[in-house]
1. Report Asp268's accessible area, 1.4 Å probe, all protein chains in place, as a number in Å² to the nearest 10.
2. Apply the Karplus curve 6.51 cos²θ - 1.76 cosθ + 1.60, θ = phi - 60°, to the phi angles in segment 246-257 and return the couplings in whole Hz, x for Gly and Pro.
3. Karplus couplings for segment 277-282 from phi (6.51 cos²θ - 1.76 cosθ + 1.60, θ = phi - 60°), rounded to Hz, Gly and Pro as x?
4. Going from most exposed to least, what order do Thr44, Thr63 have by accessible area with a 1.4 Å probe?
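The values are calculated or read from the model by the stated rules, or taken from the named source; none is laboratory data. For clarity, every value in this text was computed on a predicted model and none was experimentally measured. Accessible surface is based on the protein model in full, side chains and every heavy atom, while ligands, DNA and RNA are left aside. Shrake-Rupley method; radii C 1.70, N 1.55, O 1.52, S 1.80 Å.
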Amino acid sequence: IRITMSPLKIKKPDVLLQIWGTLAVLLFSCCGGQQVGYSYKYQTGPFTVLLEGPAPALLQVRTQSTVVWEAQATSFLSLAAVEESVRQIGGDFAISLRSLQRCDGVEITGNGSQPGPSPGGREGNNLVYFSGQVCGNTSSATTFQLTFQAEDVSDGHAHLLFNVSVVSAVFNQLLLTYGSVQGEHLYGFGSQYSRLDMKGRRLPLFLSEQGVGRGLQPLTAFLDLFSPGAGGDWHTTYTRVPFYVSNLKRGLALESLEYAVFDMRAKDSVTIELLATEMTGRLLTGEKEFTVAEGVQLLLCDVR
């Protein structure tokens, strides 16, 4: 068998470009080409705010010893258009929300840090900000902004103010989703009599008649038979406080006054559903769990 190889003749420059382009594609495919990673790090008080990517892109807030908050940078925020209905019987309220439209998907297009304001007009801790779009590939694309700023409270107590807002004429509900872990326990939310650890529950927060029985049967059904709503439910309470502390030395206090639901049923995440287009609150941490609780006590003492 005789094999004869003739020299390759290239008559046109564009043929050479095609060959090199094909080789480049093959080389990229064989080597499993990947996007170049990125990392942005900002400091505000004792907190470090990180944005790292590309896949999965992660937003994280931490101190030297504790991960205070973290979320997937492409899915931490969702928007919904909901229709609200309220049923009132005496001091009992039942609130239901019917979803009309929802969209997901976050694209962060801007981030940075700048000196932030503080009481008295002094220059405070740095304000860290992220901005971009929610629902960017739809006709309902909406801009958002997320900010973090440390607040000096007292020795041993660290608070990080956060704010997330959108500008929309379509949506009226924010859904903020962030990470949790299996084995994390969430305590708080005001006077809660049915359950101490709220992980695994979906908890609506609204002041109403707490009821007698609060879901315990047949007592609750018997009372509701004579006075609808008198039996209450497992979550009804006279004292609604939208904050919790965790056994992981971190906590969250929601400062927005609109109707809120904390969905803690997922093993790896928590979602705050707020009937508003702006959400404000603070992240708390301390060296021990009770230190976080003391930080919340200081916060509550300031609200008069």
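1. Near enough 110 Å² of accessible area.
2. 10, 5, 9, 6, 8, x, 9, 10, 8, 9, 5, 9
3. Coupling constants for segment 277-282: 10, 9, 10, 10, x, 8 Hz.
4. Working: Thr44 0, Thr63 25 Å².
These residues rank, largest area first, as Thr63, Thr44.
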